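Please read the structure below before turning to the comments.
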Amino acid sequence: METVQNFIQGQISESHSQRFAPVFNPATGEQTRQVVLSSAAETAEAIAAAGKAFPAWAKTSPLKRARVMFKFKSLLEQNMDKLARLISNEHGKVYSDAVGEVTRGLEVVEFACGIPHLQKGEHSANVGTGVDSHSLMQPLGVCAGITPFNFPAMVPMWMFPIALATGNTFVLKPSEKDPSLGLVLAELLQQAGLPDGVFNVVNGDKEAVDVLLTDPRVQAVSFVGSTPIAEYIYSTASAHGKRCQALGGAKNHCILMPDADLDMAASAIMGAAYGAAGERCMALSVVVAVGDETADELIGKLKSQIDVMKVGPGVVEGPENDMGPVISSQHKDKICDYITSGVEQGAALVVDGRDISIEGHENGFFVGPTLFDNVSPEMTIYQEEIFGPVLAVVRVPDYQTGLELINRHEYGNGTAIFTRDGETARQFSEDVLAGMVGVNVPIPVPMAFHSFGGWKRSVFGPLNVHGNDGVRFYTRMKTVTSRWPASVRLEQHSSSFVMPTM
(Lines give C-alpha, C1' and ligand atoms only; values in the text may rest on other atoms or scores of the structure.)
Protein backbone atom coordinates (compact mmCIF):
# COMPACT_ATOMS: atom_id res chain seq x y z
CA MET A 1 0.00 0.00 0.00
CA GLU A 2 1.21 3.49 -0.86
CA THR A 3 2.67 5.37 2.09
CA VAL A 4 2.61 9.16 2.32
CA GLN A 5 6.05 10.09 3.62
CA ASN A 6 7.77 13.34 4.65
CA PHE A 7 9.47 16.01 2.54
CA ILE A 8 12.72 17.17 4.11
CA GLN A 9 15.70 19.01 2.61
CA GLY A 10 14.18 19.08 -0.87
CA GLN A 11 13.27 15.42 -1.22
CA ILE A 12 10.88 12.71 -0.11
CA SER A 13 12.21 11.40 3.18
CA GLU A 14 11.22 7.88 4.18
CA SER A 15 10.22 7.62 7.82
CA HIS A 16 11.46 4.88 10.13
CA SER A 17 8.91 5.45 12.88
CA GLN A 18 6.89 2.29 12.04
CA ARG A 19 3.70 4.10 13.04
CA PHE A 20 1.06 4.75 10.40
CA ALA A 21 -2.50 6.08 10.06
CA PRO A 22 -4.99 5.02 7.38
CA VAL A 23 -6.10 7.45 4.68
CA PHE A 24 -9.58 6.85 3.27
CA ASN A 25 -11.65 7.87 0.29
CA PRO A 26 -14.67 9.18 2.25
CA ALA A 27 -17.04 8.56 -0.65
CA THR A 28 -16.34 4.82 -0.69
CA GLY A 29 -15.13 4.17 2.84
CA GLU A 30 -12.11 2.37 1.40
CA GLN A 31 -8.56 2.87 2.62
CA THR A 32 -6.53 4.22 -0.30
CA ARG A 33 -3.12 4.70 1.32
CA GLN A 34 -1.45 5.18 4.68
CA VAL A 35 0.46 8.09 6.14
CA VAL A 36 3.53 7.90 8.32
CA LEU A 37 3.30 9.24 11.86
CA SER A 38 6.73 10.75 12.30
CA SER A 39 8.86 10.38 15.37
CA ALA A 40 10.16 13.27 17.44
CA ALA A 41 13.60 12.74 15.92
CA GLU A 42 12.27 13.00 12.37
CA THR A 43 10.40 16.17 13.24
CA ALA A 44 13.61 17.58 14.67
CA GLU A 45 15.33 16.63 11.41
CA ALA A 46 12.89 18.79 9.46
CA ILE A 47 13.43 21.68 11.86
CA ALA A 48 17.19 21.30 11.46
CA ALA A 49 16.87 21.40 7.67
CA ALA A 50 14.79 24.58 7.89
CA GLY A 51 17.25 26.10 10.34
CA LYS A 52 20.19 25.35 8.06
CA ALA A 53 18.43 26.93 5.07
CA PHE A 54 17.34 30.07 6.90
CA PRO A 55 20.44 32.32 6.77
CA ALA A 56 20.80 32.19 2.99
CA TRP A 57 17.06 32.46 2.33
CA ALA A 58 16.71 35.40 4.71
CA LYS A 59 19.49 37.21 2.84
CA THR A 60 17.85 36.54 -0.53
CA SER A 61 16.37 39.77 -1.87
CA PRO A 62 12.60 40.19 -1.52
CA LEU A 63 12.38 40.56 -5.29
CA LYS A 64 13.91 37.12 -5.86
CA ARG A 65 11.68 35.59 -3.18
CA ALA A 66 8.68 37.16 -4.91
CA ARG A 67 9.73 35.63 -8.22
CA VAL A 68 9.59 32.18 -6.63
CA MET A 69 6.05 32.99 -5.50
CA PHE A 70 5.11 34.14 -9.01
CA LYS A 71 6.36 30.83 -10.44
CA PHE A 72 4.57 28.89 -7.70
CA LYS A 73 1.35 30.74 -8.55
CA SER A 74 1.71 29.71 -12.19
CA LEU A 75 2.30 26.08 -11.23
CA LEU A 76 -0.77 26.08 -9.01
CA GLU A 77 -2.85 27.29 -11.95
CA GLN A 78 -1.37 24.65 -14.26
CA ASN A 79 -2.06 21.89 -11.74
CA MET A 80 -5.49 23.05 -10.58
CA ASP A 81 -7.31 19.94 -11.81
CA LYS A 82 -4.81 17.56 -10.21
CA LEU A 83 -4.95 19.39 -6.89
CA ALA A 84 -8.74 19.61 -6.84
CA ARG A 85 -9.19 15.90 -7.63
CA LEU A 86 -6.74 14.95 -4.89
CA ILE A 87 -8.65 17.10 -2.39
CA SER A 88 -12.00 15.62 -3.44
CA ASN A 89 -10.75 12.06 -3.19
CA GLU A 90 -9.14 12.46 0.24
CA HIS A 91 -11.44 15.00 1.88
CA GLY A 92 -14.72 14.26 0.08
CA LYS A 93 -15.82 17.78 -0.94
CA VAL A 94 -17.21 18.17 -4.44
CA TYR A 95 -14.80 19.01 -7.24
CA SER A 96 -15.93 22.61 -7.83
CA ASP A 97 -15.62 23.33 -4.11
CA ALA A 98 -12.09 21.90 -4.18
CA VAL A 99 -11.25 24.19 -7.10
CA GLY A 100 -12.59 27.09 -5.05
CA GLU A 101 -10.41 26.07 -2.10
CA VAL A 102 -7.24 26.05 -4.19
CA THR A 103 -8.24 29.38 -5.72
CA ARG A 104 -8.62 31.03 -2.31
CA GLY A 105 -5.19 29.71 -1.32
CA LEU A 106 -3.73 30.94 -4.59
CA GLU A 107 -5.00 34.42 -3.77
CA VAL A 108 -2.70 34.48 -0.73
CA VAL A 109 0.19 33.50 -3.00
CA GLU A 110 -0.75 36.45 -5.22
CA PHE A 111 -0.69 38.71 -2.17
CA ALA A 112 2.72 37.34 -1.18
CA CYS A 113 4.05 38.21 -4.63
CA GLY A 114 3.90 41.85 -3.52
CA ILE A 115 6.36 41.30 -0.67
CA PRO A 116 8.98 43.80 -1.96
CA HIS A 117 6.40 46.49 -1.21
CA LEU A 118 4.84 44.91 1.87
CA GLN A 119 8.20 44.45 3.62
CA LYS A 120 9.64 47.90 2.95
CA GLY A 121 9.61 49.28 6.47
CA GLU A 122 9.68 53.02 7.20
CA HIS A 123 12.20 55.88 7.13
CA SER A 124 12.34 59.27 8.80
CA ALA A 125 15.10 61.74 7.99
CA ASN A 126 16.36 64.27 10.51
CA VAL A 127 14.50 63.02 13.55
CA GLY A 128 17.20 65.04 15.29
CA THR A 129 20.02 67.17 14.01
CA GLY A 130 21.95 64.93 11.65
CA VAL A 131 20.07 61.87 12.92
CA ASP A 132 17.94 59.50 10.80
CA SER A 133 15.70 56.58 11.79
CA HIS A 134 14.59 53.64 9.67
CA SER A 135 12.88 50.35 10.40
CA LEU A 136 13.60 46.87 9.10
CA MET A 137 10.94 44.16 8.88
CA GLN A 138 13.11 41.11 9.34
CA PRO A 139 12.15 37.42 9.20
CA LEU A 140 11.88 35.36 12.37
CA GLY A 141 13.59 32.11 11.42
CA VAL A 142 11.99 28.66 11.35
CA CYS A 143 8.18 28.81 11.37
CA ALA A 144 5.71 25.94 11.69
CA GLY A 145 2.17 25.44 10.41
CA ILE A 146 -0.21 22.85 11.87
CA THR A 147 -3.25 22.57 9.62
CA PRO A 148 -6.69 20.86 9.65
CA PHE A 149 -8.32 18.29 7.39
CA ASN A 150 -11.09 20.51 6.04
CA PHE A 151 -8.89 22.72 3.84
CA PRO A 152 -5.71 20.79 2.99
CA ALA A 153 -4.72 23.39 0.37
CA MET A 154 -6.19 26.71 1.46
CA VAL A 155 -5.22 26.77 5.13
CA PRO A 156 -1.53 25.87 4.57
CA MET A 157 -1.49 28.59 1.91
CA TRP A 158 -2.88 31.03 4.46
CA MET A 159 0.47 30.55 6.17
CA PHE A 160 3.55 29.50 4.24
CA PRO A 161 3.43 31.86 1.20
CA ILE A 162 3.74 34.92 3.43
CA ALA A 163 6.20 33.18 5.76
CA LEU A 164 8.45 32.23 2.84
CA ALA A 165 8.09 35.54 1.02
CA THR A 166 9.18 37.46 4.11
CA GLY A 167 12.35 35.33 4.36
CA ASN A 168 11.43 32.63 6.86
CA THR A 169 11.76 28.88 6.43
CA PHE A 170 8.85 26.58 7.15
CA VAL A 171 7.81 23.17 8.50
CA LEU A 172 4.26 22.10 7.61
CA LYS A 173 2.43 19.46 9.66
CA PRO A 174 -0.74 18.64 7.68
CA SER A 175 -3.72 16.68 8.94
CA GLU A 176 -3.10 12.96 8.89
CA LYS A 177 -6.63 12.48 7.47
CA ASP A 178 -5.78 14.00 4.05
CA PRO A 179 -2.01 14.44 3.95
CA SER A 180 -1.15 13.92 0.29
CA LEU A 181 -1.62 17.50 -0.86
CA GLY A 182 1.16 18.78 1.42
CA LEU A 183 3.76 16.79 -0.52
CA VAL A 184 2.41 18.02 -3.87
CA LEU A 185 2.68 21.63 -2.68
CA ALA A 186 6.26 20.97 -1.56
CA GLU A 187 7.15 19.57 -4.97
CA LEU A 188 5.58 22.55 -6.76
CA LEU A 189 7.54 24.95 -4.57
CA GLN A 190 10.71 23.08 -5.48
CA GLN A 191 9.82 23.35 -9.18
CA ALA A 192 9.27 27.08 -8.63
CA GLY A 193 12.90 27.42 -7.55
CA LEU A 194 12.61 27.36 -3.77
CA PRO A 195 15.97 26.23 -2.32
CA ASP A 196 16.14 22.87 -0.55
CA GLY A 197 15.27 22.97 3.14
CA VAL A 198 13.28 26.21 2.99
CA PHE A 199 9.97 24.30 2.98
CA ASN A 200 9.57 20.92 4.68
CA VAL A 201 6.61 18.64 5.37
CA VAL A 202 6.36 16.39 8.42
CA ASN A 203 3.38 14.06 8.70
CA GLY A 204 2.39 12.92 12.14
CA ASP A 205 0.26 13.27 15.23
CA LYS A 206 0.73 14.78 18.68
CA GLU A 207 4.31 13.49 18.95
CA ALA A 208 5.34 15.61 15.97
CA VAL A 209 3.21 18.57 17.05
CA ASP A 210 4.75 18.72 20.51
CA VAL A 211 8.24 18.93 19.02
CA LEU A 212 7.17 21.88 16.88
CA LEU A 213 5.71 23.58 19.96
CA THR A 214 8.74 23.10 22.19
CA ASP A 215 11.86 23.03 20.00
CA PRO A 216 13.74 26.31 20.62
CA ARG A 217 14.70 26.56 16.94
CA VAL A 218 11.04 27.14 15.97
CA GLN A 219 10.23 30.83 16.30
CA ALA A 220 6.55 30.94 15.36
CA VAL A 221 3.61 28.53 15.15
CA SER A 222 0.41 28.94 13.13
CA PHE A 223 -2.57 26.65 13.77
CA VAL A 224 -6.15 26.16 12.61
CA GLY A 225 -8.43 23.59 14.24
CA SER A 226 -10.79 23.06 17.14
CA THR A 227 -10.84 25.42 20.12
CA PRO A 228 -9.56 22.95 22.76
CA ILE A 229 -6.55 22.13 20.57
CA ALA A 230 -6.04 25.78 19.62
CA GLU A 231 -5.90 26.69 23.29
CA TYR A 232 -3.35 23.92 23.93
CA ILE A 233 -1.26 24.99 20.93
CA TYR A 234 -1.28 28.64 22.00
CA SER A 235 -0.49 28.03 25.66
CA THR A 236 2.29 25.51 24.94
CA ALA A 237 3.94 27.49 22.16
CA SER A 238 3.74 30.72 24.15
CA ALA A 239 5.20 29.06 27.23
CA HIS A 240 8.19 28.12 25.09
CA GLY A 241 8.74 31.68 23.89
CA LYS A 242 7.20 31.39 20.43
CA ARG A 243 4.88 33.65 18.52
CA CYS A 244 1.58 31.89 18.00
CA GLN A 245 -1.60 32.45 16.04
CA ALA A 246 -4.12 29.68 16.84
CA LEU A 247 -7.53 29.80 15.18
CA GLY A 248 -10.17 27.68 16.88
CA GLY A 249 -13.80 26.66 16.52
CA ALA A 250 -16.93 28.51 15.57
CA LYS A 251 -20.69 28.61 15.83
CA ASN A 252 -21.56 31.08 13.12
CA HIS A 253 -24.98 32.74 13.35
CA CYS A 254 -26.90 34.87 10.92
CA ILE A 255 -29.81 37.14 11.75
CA LEU A 256 -32.67 36.95 9.28
CA MET A 257 -34.75 40.13 9.41
CA PRO A 258 -38.39 40.23 8.28
CA ASP A 259 -37.52 42.71 5.51
CA ALA A 260 -34.87 40.46 3.94
CA ASP A 261 -35.11 39.08 0.42
CA LEU A 262 -36.09 35.62 1.64
CA ASP A 263 -35.48 33.83 -1.66
CA MET A 264 -31.95 35.19 -1.84
CA ALA A 265 -31.35 34.57 1.86
CA ALA A 266 -32.61 30.98 1.74
CA SER A 267 -30.33 30.11 -1.19
CA ALA A 268 -27.36 31.79 0.50
CA ILE A 269 -28.02 29.99 3.79
CA MET A 270 -28.27 26.64 1.98
CA GLY A 271 -24.80 26.97 0.47
CA ALA A 272 -23.29 28.31 3.66
CA ALA A 273 -24.78 25.57 5.84
CA TYR A 274 -24.32 22.53 3.62
CA GLY A 275 -21.36 23.37 1.39
CA ALA A 276 -18.43 21.02 2.08
CA ALA A 277 -20.87 19.02 4.24
CA GLY A 278 -20.65 21.78 6.84
CA GLU A 279 -16.97 21.03 7.51
CA ARG A 280 -15.93 24.69 7.47
CA CYS A 281 -15.00 26.96 10.35
CA MET A 282 -17.06 29.59 8.53
CA ALA A 283 -20.06 27.34 7.93
CA LEU A 284 -23.37 28.95 8.82
CA SER A 285 -24.86 26.69 11.48
CA VAL A 286 -27.48 28.87 13.23
CA VAL A 287 -30.16 31.06 11.69
CA VAL A 288 -31.65 33.56 14.14
CA ALA A 289 -35.03 34.29 12.57
CA VAL A 290 -36.78 37.46 13.76
CA GLY A 291 -40.47 36.66 14.12
CA ASP A 292 -42.43 33.44 13.65
CA GLU A 293 -43.67 34.47 10.22
CA THR A 294 -40.09 34.94 9.02
CA ALA A 295 -39.06 31.58 10.49
CA ASP A 296 -42.03 29.72 9.00
CA GLU A 297 -41.40 31.09 5.53
CA LEU A 298 -37.67 30.33 5.75
CA ILE A 299 -38.26 26.75 6.91
CA GLY A 300 -40.55 26.14 3.95
CA LYS A 301 -38.00 27.48 1.46
CA LEU A 302 -35.11 25.56 3.03
CA LYS A 303 -37.02 22.29 3.10
CA SER A 304 -37.99 22.56 -0.55
CA GLN A 305 -34.36 23.15 -1.53
CA ILE A 306 -33.06 20.35 0.67
CA ASP A 307 -35.52 17.96 -0.97
CA VAL A 308 -33.82 18.42 -4.34
CA MET A 309 -30.21 18.44 -3.12
CA LYS A 310 -27.93 15.85 -4.69
CA VAL A 311 -25.62 14.10 -2.23
CA GLY A 312 -22.84 11.83 -3.46
CA PRO A 313 -19.15 11.50 -4.33
CA GLY A 314 -17.10 14.62 -4.86
CA VAL A 315 -15.79 13.56 -8.27
CA VAL A 316 -18.33 12.17 -10.74
CA GLU A 317 -18.88 11.93 -14.47
CA GLY A 318 -21.72 14.19 -15.54
CA PRO A 319 -23.67 16.66 -13.38
CA GLU A 320 -21.93 17.41 -10.10
CA ASN A 321 -23.39 16.61 -6.70
CA ASP A 322 -24.22 19.42 -4.30
CA MET A 323 -22.63 17.83 -1.24
CA GLY A 324 -20.15 15.05 -0.59
CA PRO A 325 -19.36 12.86 2.42
CA VAL A 326 -17.81 13.87 5.72
CA ILE A 327 -14.19 13.04 6.47
CA SER A 328 -14.43 9.77 8.43
CA SER A 329 -16.75 7.16 9.87
CA GLN A 330 -15.95 8.43 13.37
CA HIS A 331 -16.94 11.95 12.42
CA LYS A 332 -20.13 10.68 10.78
CA ASP A 333 -21.07 8.93 14.02
CA LYS A 334 -20.32 12.08 16.01
CA ILE A 335 -22.57 14.21 13.80
CA CYS A 336 -25.37 11.65 14.04
CA ASP A 337 -25.03 11.68 17.83
CA TYR A 338 -25.50 15.45 17.78
CA ILE A 339 -28.66 15.06 15.70
CA THR A 340 -29.98 12.48 18.16
CA SER A 341 -29.26 14.82 21.07
CA GLY A 342 -31.19 17.60 19.35
CA VAL A 343 -34.23 15.36 19.07
CA GLU A 344 -33.90 14.20 22.67
CA GLN A 345 -33.60 17.79 23.94
CA GLY A 346 -36.76 18.90 22.20
CA ALA A 347 -35.76 20.57 18.92
CA ALA A 348 -38.08 20.01 15.96
CA LEU A 349 -36.29 17.82 13.39
CA VAL A 350 -37.56 19.06 10.03
CA VAL A 351 -35.13 17.08 7.84
CA ASP A 352 -33.15 14.09 9.14
CA GLY A 353 -29.86 13.26 7.42
CA ARG A 354 -28.85 10.29 9.55
CA ASP A 355 -30.12 7.44 7.39
CA ILE A 356 -29.03 8.58 3.96
CA SER A 357 -27.69 5.89 1.64
CA ILE A 358 -25.96 6.57 -1.67
CA GLU A 359 -26.38 3.85 -4.30
CA GLY A 360 -23.03 2.29 -5.12
CA HIS A 361 -21.42 4.09 -2.17
CA GLU A 362 -23.20 2.43 0.72
CA ASN A 363 -19.99 2.34 2.78
CA GLY A 364 -19.21 6.02 2.26
CA PHE A 365 -19.19 8.46 5.15
CA PHE A 366 -22.36 10.30 4.18
CA VAL A 367 -24.62 12.42 6.39
CA GLY A 368 -27.52 14.09 4.64
CA PRO A 369 -28.47 17.76 5.05
CA THR A 370 -30.22 18.13 8.40
CA LEU A 371 -32.53 20.93 9.51
CA PHE A 372 -33.77 21.74 13.02
CA ASP A 373 -36.42 24.28 14.00
CA ASN A 374 -37.31 25.67 17.43
CA VAL A 375 -33.76 25.27 18.74
CA SER A 376 -33.05 26.95 22.08
CA PRO A 377 -29.74 28.19 23.52
CA GLU A 378 -29.50 25.51 26.23
CA MET A 379 -29.42 22.69 23.66
CA THR A 380 -26.15 20.95 22.83
CA ILE A 381 -26.69 21.41 19.09
CA TYR A 382 -26.77 25.17 19.70
CA GLN A 383 -23.86 25.40 22.11
CA GLU A 384 -21.27 23.19 20.41
CA GLU A 385 -19.61 23.20 17.01
CA ILE A 386 -20.97 20.19 15.11
CA PHE A 387 -18.79 20.58 11.99
CA GLY A 388 -21.31 18.82 9.82
CA PRO A 389 -24.36 19.48 7.61
CA VAL A 390 -26.68 20.43 10.47
CA LEU A 391 -28.54 23.77 10.45
CA ALA A 392 -30.43 25.07 13.49
CA VAL A 393 -33.15 27.73 13.38
CA VAL A 394 -33.64 29.78 16.55
CA ARG A 395 -36.71 32.01 16.75
CA VAL A 396 -36.51 35.42 18.43
CA PRO A 397 -39.12 38.18 18.74
CA ASP A 398 -36.92 41.09 17.69
CA TYR A 399 -33.52 42.22 16.41
CA GLN A 400 -32.08 43.18 19.81
CA THR A 401 -32.84 39.76 21.28
CA GLY A 402 -31.09 38.14 18.33
CA LEU A 403 -28.02 40.36 18.66
CA GLU A 404 -27.71 39.61 22.38
CA LEU A 405 -28.06 35.88 21.66
CA ILE A 406 -25.14 35.95 19.24
CA ASN A 407 -22.99 38.06 21.55
CA ARG A 408 -23.48 35.67 24.48
CA HIS A 409 -22.06 32.68 22.60
CA GLU A 410 -18.49 31.67 23.47
CA TYR A 411 -17.44 31.69 19.80
CA GLY A 412 -17.13 34.77 17.63
CA ASN A 413 -15.68 33.69 14.31
CA GLY A 414 -18.07 34.89 11.61
CA THR A 415 -21.63 36.17 11.44
CA ALA A 416 -24.06 37.67 8.95
CA ILE A 417 -27.27 39.63 8.68
CA PHE A 418 -29.86 39.47 5.92
CA THR A 419 -31.80 42.72 5.62
CA ARG A 420 -32.70 45.50 3.19
CA ASP A 421 -32.31 48.14 5.88
CA GLY A 422 -28.97 49.95 5.88
CA GLU A 423 -29.34 51.33 9.40
CA THR A 424 -29.92 47.87 10.87
CA ALA A 425 -27.00 46.41 8.92
CA ARG A 426 -24.69 49.20 10.06
CA GLN A 427 -25.75 48.83 13.67
CA PHE A 428 -25.24 45.07 13.52
CA SER A 429 -21.79 45.42 11.93
CA GLU A 430 -20.69 47.71 14.76
CA ASP A 431 -22.29 45.93 17.72
CA VAL A 432 -21.93 42.21 17.00
CA LEU A 433 -19.05 40.48 18.81
CA ALA A 434 -17.49 38.56 15.93
CA GLY A 435 -14.36 39.00 13.89
CA MET A 436 -15.90 38.74 10.41
CA VAL A 437 -19.29 40.14 9.44
CA GLY A 438 -21.35 39.66 6.30
CA VAL A 439 -24.19 41.92 5.17
CA ASN A 440 -26.31 39.77 2.86
CA VAL A 441 -23.14 37.68 2.48
CA PRO A 442 -23.40 34.35 4.30
CA ILE A 443 -19.70 33.39 4.46
CA PRO A 444 -17.74 36.64 4.95
CA VAL A 445 -14.25 35.23 4.37
CA PRO A 446 -11.98 38.22 3.63
CA MET A 447 -9.88 38.40 0.49
CA ALA A 448 -6.18 37.69 0.90
CA PHE A 449 -5.20 41.37 1.19
CA HIS A 450 -7.39 41.64 4.30
CA SER A 451 -6.90 39.45 7.37
CA PHE A 452 -8.92 36.42 8.49
CA GLY A 453 -9.70 35.81 12.16
CA GLY A 454 -12.42 35.68 14.76
CA TRP A 455 -13.02 36.96 18.28
CA LYS A 456 -13.56 35.40 21.69
CA ARG A 457 -12.73 31.67 21.86
CA SER A 458 -12.44 31.42 18.09
CA VAL A 459 -8.88 32.74 18.15
CA PHE A 460 -5.85 32.79 20.42
CA GLY A 461 -3.15 35.35 19.74
CA PRO A 462 -3.21 39.02 18.72
CA LEU A 463 -2.55 38.66 14.97
CA ASN A 464 -4.75 37.00 12.35
CA VAL A 465 -3.77 35.20 9.16
CA HIS A 466 -2.83 36.67 5.77
CA GLY A 467 -3.22 40.32 4.83
CA ASN A 468 -1.21 42.87 6.78
CA ASP A 469 -1.56 40.85 9.99
CA GLY A 470 0.15 37.93 8.24
CA VAL A 471 3.10 40.09 7.22
CA ARG A 472 3.39 41.46 10.76
CA PHE A 473 3.19 37.98 12.26
CA TYR A 474 6.04 36.57 10.17
CA THR A 475 8.36 39.58 10.61
CA ARG A 476 9.77 41.48 13.56
CA MET A 477 10.51 45.15 13.53
CA LYS A 478 13.97 46.52 14.10
CA THR A 479 14.41 50.30 14.28
CA VAL A 480 17.81 51.79 13.46
CA THR A 481 18.69 55.32 14.61
CA SER A 482 21.92 56.58 13.04
CA ARG A 483 24.23 59.57 13.01
CA TRP A 484 27.35 60.04 10.91
CA PRO A 485 29.37 62.67 12.80
CA ALA A 486 31.90 64.80 11.01
CA SER A 487 34.48 63.97 13.67
CA VAL A 488 37.39 65.49 11.81
CA ARG A 489 35.70 68.89 12.02
CA LEU A 490 35.06 68.66 15.75
CA GLU A 491 37.65 70.16 18.01
CA GLN A 492 36.48 68.29 21.08
CA HIS A 493 34.03 65.61 22.24
CA SER A 494 32.25 65.53 25.54
CA SER A 495 30.31 62.72 27.19
CA SER A 496 26.61 63.11 27.88
CA PHE A 497 24.78 61.31 30.68
CA VAL A 498 21.19 62.43 30.03
CA MET A 499 18.40 60.85 28.02
CA PRO A 500 19.07 61.62 24.31
CA THR A 501 16.36 63.92 22.96
CA MET A 502 17.74 64.36 19.45
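The values are calculated or read from the model by the stated rules, or taken from the named source; none is laboratory data. Nothing here was measured: the structure is a model prediction, and the numbers come from that model. Heads up, the Cβs are rebuilt from the backbone with ideal geometry, glycines too, and the neighbour counts pull from every protein chain shown.
Screening the candidates VAL367, VAL390 for the property of being in contact with a Phe, Trp or Tyr (Cβ under 7 Å, 6 or more places away or on another chain) and closer than 30 Å to LYS310 by Cα yields one hit, VAL390. Only residues that are surrounded by 22 or more Cβ atoms within 10 Å (Cβ to Cβ) and either without any contact (Cβ under 8 Å) to a residue 12 or more places away in the chain or under 22 Å from SER180 (Cβ atoms) (or both) were counted across region 47-75, and they come to 3.
Considering the conditions (1) of a type in the set (D, E, K, R); (2) farther than 30 Å from ALA283 by Cβ; (3) touching a Gly at 6+ places or on another chain (Cβ under 7 Å), LYS173 is excluded by exactly one of them, (2).
Yes or no, residue by residue, for (1) on the phi > 0 side of the Ramachandran plot; (2) part of a helix (DSSP H, G or I):
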{"position": "ALA58", "(1), (2)": "no, yes"}
{"position": "ALA84", "(1), (2)": "no, yes"}
{"position": "ILE87", "(1), (2)": "no, yes"}
{"position": "VAL102", "(1), (2)": "no, yes"}
{"position": "ASN126", "(1), (2)": "yes, no"}
{"position": "MET137", "(1), (2)": "no, no"}
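When the residues of region 116-126 are filtered to those that are over 22 Å from the mean Cα position of the chain (by Cα) and surrounded by 14 or more Cβ atoms within 10 Å (Cβ to Cβ), which remaining residue is nearest to GLU231 (Cα to Cα)?
Going through region 116-126, the residues over 22 Å from the mean Cα position of the chain (by Cα) turn out to be 116-117, 119-126.
With the extra rule that they be surrounded by 14 or more Cβ atoms within 10 Å (Cβ to Cβ), the set shrinks to 116, 119, 121.
Working: PRO116: 34, GLN119: 30, GLY121: 32 Å.
Selected residue: GLN119.
On the stretch given as region 1-29, residues that are touching a Ser or Thr at 6+ places or on another chain (Cβ under 9 Å), among the aliphatic types (A, V, I, L, M) and surrounded by 17 or more Cβ atoms within 10 Å (Cβ to Cβ) total 3. Is it the case that LEU298 is in a helix (DSSP H, G or I) and buried (at least 24 other Cβ atoms within 10 Å of the Cβ)? Taking the combined requirement at face value, the residue does not satisfy it. Working carefully through the options ASP259, ASP292, find the one that is in contact with an Asp or Glu (Cβ under 7 Å, 6 or more places away or on another chain) and of a type in the set (D, E, K, R). Checking each option against the conditions leaves just ASP259. Is there a residue in region 486-501 that is in a strand (DSSP E or B), of a type outside the set (Ser, Thr, Tyr) and not assigned by TED's automatic domain parsing to the domain that holds GLY145? No, that holds for no residue. Checking region 33-42 against the condition returns no match, with no residue being β-branched (Val, Ile, Thr) and either assigned to a helix (DSSP H, G or I) or outside the structural domain of SER180 (by TED's automatic domain parsing) (or both). Within region 332-343, is there a residue that is polar (S, T, N, Q), touching a residue at least 12 places away in the same chain (Cβ under 8 Å), in contact with a Lys or Arg (Cβ under 8 Å, 6 or more places away or on another chain) and closer than 17 Å to LEU391 by Cβ? Scanning region 332-343, I find at least one residue that is polar (S, T, N, Q), touching a residue at least 12 places away in the same chain (Cβ under 8 Å), in contact with a Lys or Arg (Cβ under 8 Å, 6 or more places away or on another chain) and closer than 17 Å to LEU391 by Cβ, so the answer is yes. Only one entry of PRO228, PRO148, PRO152, PRO161 meets the criterion of being under 20 Å from the mean Cα position of the chain (by Cα), in the same structural domain as ASP469 (by TED's automatic domain parsing), buried (at least 20 other Cβ atoms within 10 Å of the Cβ) and in a helix (DSSP H, G or I), and that entry is PRO161.
Scan region 132-153 for residues that are β-branched (Val, Ile, Thr) and either within 20 Å of LEU76 (Cβ to Cβ) or modelled with pLDDT under 95 (or both) and the total you get is 1.
Residues of region 200-225 that are without any contact (Cβ under 8 Å) to a residue 60 or more places away in the chain and in a loop (DSSP other than H, G, I, E, B): PRO216 alone. Can you name every one of the helices (runs of 4 or more DSSP H) wholly within region 373-458 that holds 3 or more residues which are outside the structural domain of ALA260 (by TED's automatic domain parsing)? So the answer is none; nothing clears 3. Of all residues in region 164-199, exactly one satisfies the criterion of being outside any helix (DSSP H, G or I), surrounded by fewer than 23 Cβ atoms within 10 Å (Cβ to Cβ) and hydrophobic (A, V, I, L, M, F, W, C), namely ALA192.
Conditions (1) outside the structural domain of ALA348 (by TED's automatic domain parsing); (2) in contact with a strand residue (DSSP E or B) (Cβ under 8 Å, 6 or more places away or on another chain); (3) over 20 Å from ILE255 (Cβ atoms); (4) without any contact (Cβ under 8 Å) to a residue 40 or more places away in the chain, marked per residue:
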{"residue": "ALA283", "(1), (2), (3), (4)": "no, yes, no, no"}
{"residue": "ALA289", "(1), (2), (3), (4)": "no, yes, no, no"}
{"residue": "GLU293", "(1), (2), (3), (4)": "no, no, no, yes"}
{"residue": "ASP296", "(1), (2), (3), (4)": "no, no, no, yes"}
{"residue": "LEU302", "(1), (2), (3), (4)": "no, yes, no, no"}
{"residue": "LYS310", "(1), (2), (3), (4)": "no, yes, yes, yes"}
{"residue": "GLY318", "(1), (2), (3), (4)": "no, no, yes, yes"}
{"residue": "PRO325", "(1), (2), (3), (4)": "no, no, yes, no"}
{"residue": "SER328", "(1), (2), (3), (4)": "no, yes, yes, no"}
